[in-house]
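Student: Supplied in structure tokens, the structure appears directly below.
The values are calculated or read from the model by the stated rules, or taken from the named source; none is laboratory data. Note that the coordinates shown come from a computational prediction; the quantities given were computed from them, not determined experimentally. Quick reminder, even Gly has a Cβ in these numbers, built from the backbone with ideal geometry, and neighbours come from all protein chains shown. All accessible areas refer to the heavy atoms of the entire protein, side chains included, with ligands and DNA or RNA removed. Shrake-Rupley method; radii C 1.70, N 1.55, O 1.52, S 1.80 Å.
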Amino acid sequence: MESASDGFWKSVATRVPREPHEIRILNPYFIQEAAFSFIGLPFNNGLMGRGNIPTLGSVAITMALHNCDEVAVAGFGYDMSSPNAPLHYYENIKMSAIKESWTHNIQREKEFLRKLVKARVITDLTKAATAAATDLAVFFIAICSASALTPR
């Protein structure tokens, strides 16, 4: 029998190996805005799960759109035609694991990113968001000017 730490999802950490001044907390507003306002995922009476949780890449793009003068994206496409390829560069989980995910709606996120590129809201440096052959979910690099990063 698999434990909660097997497969795609991991157990919640009991300890974070960082000093308090090194930790930043993401405002849940960006998750809500990415999911419901931008991507158009189902609200499900306020319950998260069952296809209405955006990937962290989409949340990061949403946050970048609020904080950066310019946002460009590159790399990190989910290539569903290569099920044995790594899902992320930093772990051994395979691409096929995202197909089993009941939390993300990869197709809706692809549409969201393509609309942003088409409207020139973001720049697609690798052209992965508009490539027909790539089954793309989320990828990002935020390019911010110094003024956007200056504390207010």
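Student: Enter the accessible area per residue of region 23-83 (Å², integer; probe 1.4 Å; all protein chains in place). Before the final figure, lay out each step's value.
Tutor: Working: 3310 Å² over 61 residues.
Roughly 54 Å² per residue, with all protein chains present.
Student: Restricting to DSSP loop positions (anything but H, G, I, E, B) with no more than 13 other Cβ atoms inside 10 Å of their own Cβ, which chymotrypsin sites (Phe, Trp or Tyr not before Pro) remain in region 28-90? Kindly include the intermediate steps, with their values, before the conclusion.
Tutor: Working: sites: Y29, F30, F36, F38, F43, F76, Y78, Y89, Y90; in loops: F43, F76, Y78, Y89, Y90.
Passing sites in region 28-90 are F43, Y89, Y90.
Student: Here is a follow-up. Need the full-extension length gain, E100 to E22, defined as separation in residues times 0.36 nm minus the C-alpha distance. One decimal, nm. Can you show the working numbers first?
Tutor: On the way: separation 78, 0.36 × 78 = 28.08 nm, distance 3.35 nm.
Stretched out fully, the E100 to E22 stretch lengthens by 24.7 nm.
Student: Using 0.36 nm per residue, how much length does the chain from Q107 to E70 gain when fully extended, once their Cα-Cα distance is taken away? Provide the component values of the computation, followed by the final result.
Tutor: Details: separation 37, 0.36 × 37 = 13.32 nm, distance 2.48 nm.
The Q107-E70 span can extend by a further 10.8 nm.
Student: If I model a spin label as a point 7 Å beyond the Cα along the Cα-Cβ vector, how far apart are those points for A85 and N44 in nm?
Tutor: 2.7 nm
Student: In addition: Once amide H atoms are placed 1.01 Å from N in the peptide plane, what residues at a sequence separation of 5 or more from D124, or on another chain, have their amide H within under 5 Å of its amide H?
Tutor: V73
Student: Given the Cα-Cα distance of T14 and R114 and 0.36 nm per residue of separation, how much length would full extension add, in nm? Mind dumping the intermediate values first?
Tutor: Working: separation 100, 0.36 × 100 = 36.00 nm, distance 3.80 nm.
Difference between extended and current length: 32.2 nm.
Student: Convert each backbone phi in region 48-59 into a coupling constant with the Karplus relation 6.51 cos²θ - 1.76 cosθ + 1.60 (shift: θ = phi - 60°), then list the ³J(HN,Hα) values in order as whole Hz, x for Gly and Pro.
Tutor: So the Karplus estimates, Gly and Pro as x, are 7, x, 6, x, 10, 10, x, 5, 4, x, 5, 5 Hz.
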